[in-house]
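Notes for the one structure printed next.
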Amino acid sequence: MEQFLQQIASGLANGAIYACVALALVMIYVSTDHINFAQGEMAMFSAYISWQLMDWGMSFWVAFILTVLISFAMGVLIERLILRPLHNAPVLSIIVVFIGLLAIFNSMAGAFWSYLIKEFPSPFPKADFGIAGVIGPHQLGVVLVTLIVLGLLFVFFRYTPLGLAMRAAAQNPQMARLVGVRVDWMLALGWGLAASVGAVAGIMVAHIVYLEPNMMGGILLYAFASALVGGISNPAGAVAGGFIVGILENMVAYAGNQIEKATGIYIIGNGEKLTVALIIVIFVLTVKPAGLFGRVVVKRV
């Protein structure tokens, strides 16, 4: 039972990271109808910025706040300088730009900080706590930080004038312009917020997987799967999808290990978790293409 609870707890911690990155993907998709394939590399680059600030003598939380602000500015600049001129460009051109950004951030991180693995500190105490030590302090801290971030975003988009303007610009740009909303700047702010949320995910996961330029590759795939399972057009669904995928991947690997111990037959281990997760995604999208919590959009032609 303790191992079972550990798998659930670990799945929740992983799911919190997937939820953050998935939420960033959904925020950009809802605003622009495009998937930012460079979201993982942007989060990785933000984690390196945080590591550098701490290496210069700043405390973790000061570096954390500064990194979130720097990432916000980086997201706004990317939208204004790179994507704004491509507003009416073909979809394939946008995809090529995203792939180019992925390669640029990856190579810049390697050039600035090298490709050697770096240990990233955790701000949470090392003493075990929780349910009989089932969940570690960093895992619990990741879940709490993620829930706080998601709660702040919910309040921002639901109750603040700027958040409501951003929602209006994403849902109906033409009507938003008629009531005086500066849609172009709302899209830029959406990119900034997505970059900030991704930065939180990068900083939180760096202690678990260690800091190196390719650390977010697999996580981005899990986040993409989470967004599709929950609903690519539904931010809350993407968050729920993140926790679902996080728990599911751990439980599948745990079940495979238990079957191997009992029968000696190898079925699935940690290395194949991603394959199983993607198979489940394909199944969900086949049965319900809009995702578990997404809504079906009907267009008349």
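The values are calculated or read from the model by the stated rules, or taken from the named source; none is laboratory data. Predicted, not measured: the structure shown is a model, and the values here were computed from it. Reconstructed Cβ throughout: ideal geometry from the backbone, glycine too, with neighbour counts over all protein chains shown. Side chains are part of the model used for accessible areas, which takes the heavy atoms of the whole protein and leaves out ligands, DNA and RNA. Shrake-Rupley method; radii C 1.70, N 1.55, O 1.52, S 1.80 Å.
So which residues in region 27-36 are assigned to a loop (DSSP other than H, G, I, E, B) and closer than 18 Å to residue 239 by Cα? Hits for region 27-36 are 35, 36. Say we look at region 141-193 and pick out the residues that are open to solvent by 30 Å² or more (accessible area, probe 1.4 Å) and touching a Gly at 6+ places or on another chain (Cβ under 6 Å); which of these is modelled with the highest pLDDT? My answer is 156.
Taking region 92-115 on its own, how many of its residues are over 22 Å from the mean Cα position of the chain (by Cα) and either hydrophobic (A, V, I, L, M, F, W, C) or surrounded by 19 or more Cβ atoms within 10 Å (Cβ to Cβ) (or both)?
Total satisfying the criteria: 4.
Applying a threshold of 9 Å to beta carbon distances and a minimum spacing of six or more residues, or different chains, the list of pairs starting in region 196-221 at a residue that is over 20 Å from residue 74 (Cα atoms) and in a loop (DSSP other than H, G, I, E, B) and ending at one that is among the aromatic types (Phe, Trp, Tyr) and open to solvent by less than 20 Å² (accessible area, probe 1.4 Å) reads 210/120. Closer than 18 Å to residue 105 by Cα, out of contact with any helix residue (DSSP H, G or I) (no Cβ under 6 Å at 6 or more places or on another chain), open to solvent by less than 30 Å² (accessible area, probe 1.4 Å) and in contact (Cβ under 8 Å) with a residue 12 or more places away in the chain, is that true of residue 25? No: the conditions fail for residue 25.
So that you can scan it fast, the table gives a plain yes or no per residue for (1) in contact with a helix residue (DSSP H, G or I) (Cβ under 6 Å, 6 or more places away or on another chain); (2) open to solvent by 30 Å² or more (accessible area, probe 1.4 Å); (3) within 15 Å of residue 202 (Cα to Cα):
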site: 7; (1), (2), (3): yes, yes, no
site: 12; (1), (2), (3): yes, yes, no
site: 21; (1), (2), (3): yes, no, yes
site: 31; (1), (2), (3): yes, yes, no
site: 41; (1), (2), (3): yes, no, yes
site: 58; (1), (2), (3): no, yes, no
site: 65; (1), (2), (3): no, yes, yes
site: 77; (1), (2), (3): no, yes, no
site: 82; (1), (2), (3): no, yes, no
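Within region 122-140, the set of residues being surrounded by fewer than 12 Cβ atoms within 10 Å (Cβ to Cβ) and either aliphatic (A, V, I, L, M) or modelled with pLDDT of 90 or more (or both) comprises 127, 131, 132.
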